[in-house]
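I have placed the structure first, in the form of structure tokens, so that the comments after it can refer back to it.
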Ligand SMILES: Cc1cc2nc3c(=O)[nH]c(=O)nc-3n(C[C@H](O)[C@H](O)[C@H](O)COP(=O)(O)OP(=O)(O)OC[C@H]3O[C@@H](n4cnc5c(N)ncnc54)[C@H](O)[C@@H]3O)c2cc1C
């Protein structure tokens, strides 16, 4: 039983079919449901088209260096489902999975099923991760998560406070600012990257140098790697860099991490200088890794270096949420999975599955599509092929031993 018909569940199905293992893929909505229902209007992938490859389905379009719209991702995942002839049952919500003798009992909105093994491919981004301070925000300020946000036109007129400066936060801050609204961006730990480096997409370097292939059992601090924020990247036809310098130049006001709400005022941490220099330093280190790889592999060109993130002359440490200056808060503070339907005790106190490279701590239960599941690229579209092959090989071994 595979739960979820996003690209991860369909990749599981591809390898199960390859091994002639009977299975069904249960999907509460339609194939590629997240890309149909949970993405904002302007969203494009931050990974280039040539990288949007799935098992047996390399990118074959005319624009390998472009970035797909959400609609194009739906088409891609739909095509993958058709090509791989995945046995998908759409409109089938899984409401409970529990362990029974020799396997699992699955309750769905369309009946009960017994199976020997379950692959959880229900997504890593089912819910917005909104911090508790949101509860102290005055009712006069609207609060929006990226799962609800559609476009600047749907927001109330007036100032917007975007919280979080990872991919989602910088993309939304940029487009809301471009709509003419005053935007303040609250910045915590982040991953800065240029869009292109030495004439190529930065993600080409991640791919070619093997950084993205690093395995989960080779990573020094796996817990940290799994929590790493997404890089400050956007996919646009201009291939522009969207770092904090670009946002500040566009008129976005940068403030520190939102630490608390007191007497109706948002309080931000100081120390932006340290946060910026840490991100700059990590970017420099990564670029140095690429330079080393380029030297070793005889690539032309010379290292490029980028201006440090500019620290504003003065940064506000607080903002009166009752003054009317901010009409909307956008929580770009990350996502988390939703396992409320899982009645097997395999989630940690933070709601994350306990697993070893996708083999969950309950025999016959597997997961796909989670951060650094087996490799650094695990949550990305191009990362699923290697992970799904490995996880389904493990599952096949488990079934063989049981037989
Ligand atoms: C905003 C955003 C931007 C991203 N940009 C990129 C990018 O540029 N490049 C890239 O490679 N990756 C990107 N990703 C990461 C990743 O590719 C996507 O999150 C992708 O959708 C993950 O695929 P998945 O199959 O693991 O999960 P999903 O696509 O979320 O699929 C899970 C499926 O499970 C179904 N489901 C969930 N619960 C149940 C249930 N109880 N019963 C039945 N069905 C259920 C859902 O309806 C859904 O269809 C992005 C993610 C987000 C959130």
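Elements of the type strands (runs of 3 or more DSSP E) sitting completely within the stretch 244-325 and holding at least 3 residues that are within 27 Å of the chain's Cα centre (by Cα) and modelled with pLDDT of 95 or more: these cover 253-255, 258-262.
Conditions (1) touching a residue at least 40 places away in the same chain (Cβ under 8 Å); (2) more than 27 Å from residue 228 (Cα to Cα); (3) surrounded by fewer than 16 Cβ atoms within 10 Å (Cβ to Cβ), marked per residue:
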residue: 134; (1), (2), (3): yes, no, no
residue: 138; (1), (2), (3): yes, yes, yes
residue: 141; (1), (2), (3): yes, yes, no
residue: 145; (1), (2), (3): yes, no, no
residue: 150; (1), (2), (3): yes, no, yes
residue: 158; (1), (2), (3): yes, yes, yes
residue: 161; (1), (2), (3): yes, no, no
residue: 165; (1), (2), (3): yes, no, no
residue: 175; (1), (2), (3): yes, no, no
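There is no residue in the stretch 329-342 that is at positive phi and free of Cβ contacts under 8 Å to residues at least 12 places away in the same chain.
In the stretch 71-85, which residues are in contact with a strand residue (DSSP E or B) (Cβ under 9 Å, 6 or more places away or on another chain) and more than 27 Å from residue 43 (Cα to Cα)? Those that are in contact with a strand residue (DSSP E or B) (Cβ under 9 Å, 6 or more places away or on another chain) and more than 27 Å from residue 43 (Cα to Cα): none in the stretch 71-85. Residue 194 falls short on exactly one of the conditions (1) closer than 30 Å to residue 350 by Cβ; (2) under 21 Å from the mean Cα position of the chain (by Cα), and that condition is (1). Take the conditions (1) out of contact with any strand residue (DSSP E or B) (no Cβ under 7 Å at 6 or more places or on another chain); (2) buried (at least 18 other Cβ atoms within 10 Å of the Cβ); residue 121 misses just one of them, which is (1). At least 1 residues being more than 14 Å from the ligand (Cβ to nearest atom) is the threshold, and among the helices (runs of 4 or more DSSP H) wholly inside the stretch 1-102 those reaching it are 7-18, 70-83.
Of the residues screened, residue 162 is one that is in a strand (DSSP E or B), within 16 Å of the ligand (Cβ to nearest atom) and touching a strand residue (DSSP E or B) at 6+ places or on another chain (Cβ under 8 Å). Residues that are on the phi < 0 side of the Ramachandran plot and without any contact (Cβ under 8 Å) to a residue 40 or more places away in the chain within the stretch 77-122 comprise 79, 82, 83, 100, 101, 105, 107, 110, 112, 114, listed in sequence order.
The values are calculated or read from the model by the stated rules, or taken from the named source; none is laboratory data. Here the structure is a predicted model, which means the values were calculated and not measured. Glycine also receives a Cβ, built like all others from the backbone with ideal geometry; neighbour counts cover every protein chain displayed.
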